[in-house]
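A.B. asks: Quick one: the structure is below, and I'll ask about it shortly.
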Amino acid sequence: MEGSARSAPGRRQVLKGAGVLGGLAVLGGTGGLVWRARQDTAGSASASANGEFDDLVEATTSGGPGKDGIPSIDDPRFVTVDEVDYLDDDDVVFGLRYGGEVRAYPQPVLVWHEIVNDRVGGDRLVVTYCPLTGTTIGFTGTGDRDDMTFGTTGKLVNSNLLMYDRETDSEWPQVLGTAITGPLMGEVLRTVPLVWTTWRAWREAHPDSAVLSLDTGAARDYTRDPYGSYPNRSGYYVDEGTLFPVLHTDDRFGDKEVVLGVRAGGEQLAIPKELVRQDRSVEADVGGVAIRAEWDEGLATARVWELGNGLETADFMDAMWFAWFAFYPDTEVMR
């Protein structure tokens, strides 16, 4: 599918800092949904290309629990849609289609574990979620390591989950997906986007989905979210401000406003999710790569594609605005 030419600057503009960089074509379009790991992850490391590793290491802080104090799920068990009796219609789930398999990871479970070391479609795939930054990302290892597993360090950077890999003990901020300490420092994880949606929408769209069960091996109250509530829009998830310090701040959006963070061609773009909902489809250029963000009415969410020979899933994530900007202060912003 061919990308479209840019339009003249108008109401929908791509901004960097306070300067207008160029116009944006707002077009319609649809495409098949195919999640797969990106093979080219150069864009993911761009936040650290300017020497910010030292700053990130110095900004690391304790989140309270010690190492593995928030236990990862290392032997995930799944049930069918019909067997689920522990989710309400409006509960958030993170949906995945990968390697011919369809799975859902409930937010009420992941809020207590943050990492699921899974195998999907024959591949090691690590599903991660940070409640403090509203980010869920799948990883399939680095270029030459495809069987990596992760745990929680108990530390945060930019209020974001700091993971460690169990092979080398290198430390990886979840949003960045790049090791900032240890033998693998500077290496970048391959990413697999997940769909942020509701239980009702996901089960109706994917009645054949497997669903992460409550059989996690840990004693947790999965009916309670310690941070607040997404269905009821309460607590930390809507309050302004962060619980932990961040390196960079910006007030163009509210701290907790959700943006689609896109990485391509060594650059980054933040697209307000609400803009995509309103306009249904928007296009932009990120580091020389044409992308399209589309609204999925059935799942009430957005996804982002790279445009070229067909549609390829872009490297993107839902993120709270403060978190995206904290890691990528030079990000372009769609307004």
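A.B. asks: Check off (1) within 16 Å of Val116 (Cα to Cα); (2) more than 16 Å from the chain's Cα centre (by Cα); (3) hydrophobic (A, V, I, L, M, F, W, C) for Leu184 and give me the number that stays unchecked.
C.D. replies: For Leu184, the exception is condition (1).
A.B. asks: Related question: What tally of residues in region 300-310 results from selecting those that are crowded, with 20+ Cβ neighbours inside 10 Å and either out of contact with any strand residue (DSSP E or B) (no Cβ under 9 Å at 6 or more places or on another chain) or not hydroxyl-bearing (Ser, Thr, Tyr) (or both)?
C.D. replies: The total comes to 6.
A.B. asks: Another question, if that's okay. Of (1) touching a Leu at 6+ places or on another chain (Cβ under 8 Å); (2) modelled with pLDDT under 95; (3) of a type in the set (Gly, Ala, Ser), Gly64 satisfies all except one. Which?
C.D. replies: (1)
A.B. asks: Still on this structure, please answer the following. Identify, from the list Asp169, Asp144, the residue that is over 22 Å from Ala210 (Cβ atoms), of a type outside the set (A, V, I, L, M, F, W, C) and modelled with pLDDT under 95.
C.D. replies: Checking each option against the conditions leaves just Asp144.
A.B. asks: If you don't mind, there's one more thing I want to ask. Spot the failing condition for Thr153; the list is (1) part of a loop (DSSP other than H, G, I, E, B); (2) among the polar types (S, T, N, Q); (3) closer than 20 Å to Leu243 by Cα, and only one is missed.
C.D. replies: Of everything listed in (1) part of a loop (DSSP other than H, G, I, E, B); (2) among the polar types (S, T, N, Q); (3) closer than 20 Å to Leu243 by Cα, Thr153 misses just condition (1).
A.B. asks: Can you name the number of the only condition in (1) at negative phi; (2) assigned by TED's automatic domain parsing to the domain that holds Phe325; (3) more than 19 Å from the chain's Cα centre (by Cα) that Glu294 fails?
C.D. replies: Single failed check for Glu294: (3).
The rows are residues; the columns are (1) farther than 22 Å from Phe316 by Cβ; (2) within 19 Å of the chain's Cα centre (by Cα); (3) at pLDDT 95 or above.
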site: Arg77; (1), (2), (3): yes, no, yes
site: Thr80; (1), (2), (3): yes, no, yes
site: Asp90; (1), (2), (3): yes, no, yes
site: Thr135; (1), (2), (3): no, yes, yes
site: Gly151; (1), (2), (3): yes, yes, yes
site: Val157; (1), (2), (3): no, yes, yes
site: Asn160; (1), (2), (3): no, yes, yes
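A.B. asks: Being touching a residue at least 40 places away in the same chain (Cβ under 8 Å), assigned to a loop (DSSP other than H, G, I, E, B), within 24 Å of Gly99 (Cα to Cα) and hydrophobic (A, V, I, L, M, F, W, C): is that true of Val211 here?
C.D. replies: no
A.B. asks: While we're looking at this one, here's another question. Looking only at residues in region 170-189 that are β-branched (Val, Ile, Thr) and part of a loop (DSSP other than H, G, I, E, B), which one is surrounded by the most Cβ atoms within 10 Å (Cβ to Cβ)?
C.D. replies: Val175
The values are calculated or read from the model by the stated rules, or taken from the named source; none is laboratory data. If you're wondering where the values come from, they're calculated on a predicted model, not measured in any experiment. A quick note on method: Cβ atoms are made from the backbone with ideal geometry, for glycine too, and the neighbour counts reach across all protein chains shown.
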